[in-house]
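Right, one structure below, let's go through it.
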Amino acid sequence: MSNDPVIRWHESGEEKSARWQSEKGLPPPKRVQIIDDRMSADSAYRLACEGTSLLWRGDFQNAKLLLQAMARRIDKKPAHRKKPENLTPIELFHRHRLMQSQRAQTLDKLLIPFEADHAIALRRAPDVRNACLEAWGPCSELSIASLRELLGLIGAHEWRKKGIDIPALSITIHPHYGVFAPVRNEYIQLVAQAAPPKLLATQSIAFDIGTGTGVLAAALAQRGIQRIVATDHDPRALDCARDNLARLNLTDKIELLQTDLFPQEQAALIVCNPPWVPARPASPLEHAIFDPESRMLRGFLQGLRDHLLPGGEGWLILSDFAEHLGLRTREELLQMIDAAGLKVLGRTDIKPHHPRVSDTSDPLHAARAAELTSLWRLAVK
């Protein structure tokens, strides 16, 4: 067996075990009950609410139907139907996050078994071996994971195959599992159209901090910048960026570097699109959105002064969603910029166009409807 966590359960009078797969880093469940197609949704929902994990041994498609039925029972609870009154935006946000967490905890209790090659030995199960291999890497043991996580993994695999069109650049980006997918890509238009610093004419070097899929590095390359260094601390992100840059024939123009924030040199232009919500992520997959105590934002601002060439600019791409939620004020952002020895040269805004903007049933609709994404042009004082 590997050093990965192990899940143990009793089945047919025997103690059994398997490798435990959890992207969230959850510990293996202690209580596991074997269930199949005879289990009613009401019973499964009750057991999951009580903390029992349910290892499925029936038809795979019926497991998906059971998961949907359990989700409907959660969403029909009075607490979810009742519209909150007299709550501040920050209270709405924390209430929403708590409900999301509780919902996930319940639905994650439905488990699916995998063979040593990631195949699922259940009736009518799809072939998920390639999707699992992309996300989890090779495996030589039996394993168990939540069906909900598996469905997310399958969705990510389809995104990777299909790709996401980026109209502002006339390219397609293929996100990998665990790497932020630029579905909301209006911010890329800001980078593609902003007036470049004059210094680039003589010092044509730029950094893309936290490159993710590599999409902003590609935007900089399209602008004719001769040398680009794209950094990220996450190996998954670097593999994803490397794949996309190869597809776009940009590997000769863009250097990838695994580091936390900046390379050990200076540039005429440094671009960063940090996570925009200063709150704790519930899983590693949320790190691209949630940035506890604005760690990456602060790190970028505080390090920018030392890594800009004289006359260079830093471009901060940031949504003001956190401001509308009450998680950060505009004054606090400006104070961070000032304390880092920086000044604002200008700002360009763009309105997001994602579907949630018009979803009035979303408890955070007011904040989403008011949201703007901005490109802040920063320079050393």
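Kindly evaluate THR251 against the criterion of being in the same structural domain as ALA168 (by TED's automatic domain parsing), of a type in the set (S, T, N, Q) and crowded, with 20+ Cβ neighbours inside 10 Å. Can you show your working first?
Numbers: in the same structural domain as ALA168 (by TED's automatic domain parsing): yes; of a type in the set (S, T, N, Q): yes; crowded, with 20+ Cβ neighbours inside 10 Å: no.
Here the answer is no, as THR251 does not meet what is asked.
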*Considering only region 196-226, state which residues are farther than 24 Å from HIS174 by Cα and assigned to a helix (DSSP H, G or I).*
LYS198, LEU199, LEU200, ALA201
*Would you check if LEU261 is touching a residue at least 24 places away in the same chain (Cβ under 8 Å), surrounded by 14 or more Cβ atoms within 10 Å (Cβ to Cβ) and in contact with a strand residue (DSSP E or B) (Cβ under 9 Å, 6 or more places away or on another chain)?*
yes
*Looking only at region 10-38, which residues are part of a loop (DSSP other than H, G, I, E, B), under 23 Å from ILE154 (Cβ atoms) and not acidic (Asp, Glu)?*
GLN21, SER22, LYS24, GLY25, LEU26, PRO28, PRO29
_Qualifying positions in region 22-47 - among the hydrophobic types (A, V, I, L, M, F, W, C) and free of Cβ contacts under 8 Å to residues at least 40 places away in the same chain_ = ILE34, ILE35, MET39, ALA41
*GLU323 fails exactly one of the following numbered conditions: (1) among the acidic types (Asp, Glu); (2) over 11 Å from SER374 (Cβ atoms); (3) surrounded by 12 or more Cβ atoms within 10 Å (Cβ to Cβ). What is the number of that condition?*
(2)
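Looking at region 48-60, is at least one residue part of a loop (DSSP other than H, G, I, E, B), acidic (Asp, Glu), in contact (Cβ under 8 Å) with a residue 24 or more places away in the chain and farther than 27 Å from PRO138 by Cα? First the steps, then the outcome.
Step one: list which residues in region 48-60 are part of a loop (DSSP other than H, G, I, E, B), which gives 50-52, 57-59.
In the following step, the residues that additionally are acidic (Asp, Glu) were identified as 50, 59.
Right, trim to in contact (Cβ under 8 Å) with a residue 24 or more places away in the chain and you get 59.
Among the residues that remain, those that are also farther than 27 Å from PRO138 by Cα are: none.
The answer is no, given that none of the residues of region 48-60 is part of a loop (DSSP other than H, G, I, E, B), acidic (Asp, Glu), in contact (Cβ under 8 Å) with a residue 24 or more places away in the chain and farther than 27 Å from PRO138 by Cα.
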*Could you check, for region 92-99, whether at least one of its residues is out of contact with any Leu (no Cβ under 7 Å at 6 or more places or on another chain) and surrounded by fewer than 13 Cβ atoms within 10 Å (Cβ to Cβ)?*
yes
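Given the structure, is PRO182 surrounded by fewer than 16 Cβ atoms within 10 Å (Cβ to Cβ), under 23 Å from ASP260 (Cβ atoms) and not assigned by TED's automatic domain parsing to the domain that holds LYS64?
Here the answer is no, as PRO182 does not meet what is asked.
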*Of LEU378, LEU304, which residue is among the hydrophobic types (A, V, I, L, M, F, W, C), over 25 Å from the mean Cα position of the chain (by Cα) and either crowded, with 19+ Cβ neighbours inside 10 Å or on the phi > 0 side of the Ramachandran plot (or both)?*
LEU378
*Look at region 93-115 and say how many of its residues are more than 20 Å from the chain's Cα centre (by Cα) and at pLDDT 95 or above.*
8
_Checking the structure you have, find out if any residue of region 333-342 is out of contact with any strand residue (DSSP E or B) (no Cβ under 8 Å at 6 or more places or on another chain), over 22 Å from ALA194 (Cα atoms), of a type in the set (S, T, N, Q) and surrounded by 15 or more Cβ atoms within 10 Å (Cβ to Cβ)._
no
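The values are calculated or read from the model by the stated rules, or taken from the named source; none is laboratory data. Here the structure is a predicted model, which means the values were calculated and not measured. Note that we place each Cβ from the backbone using ideal geometry, even for glycine, and neighbour counts take in every protein chain shown.
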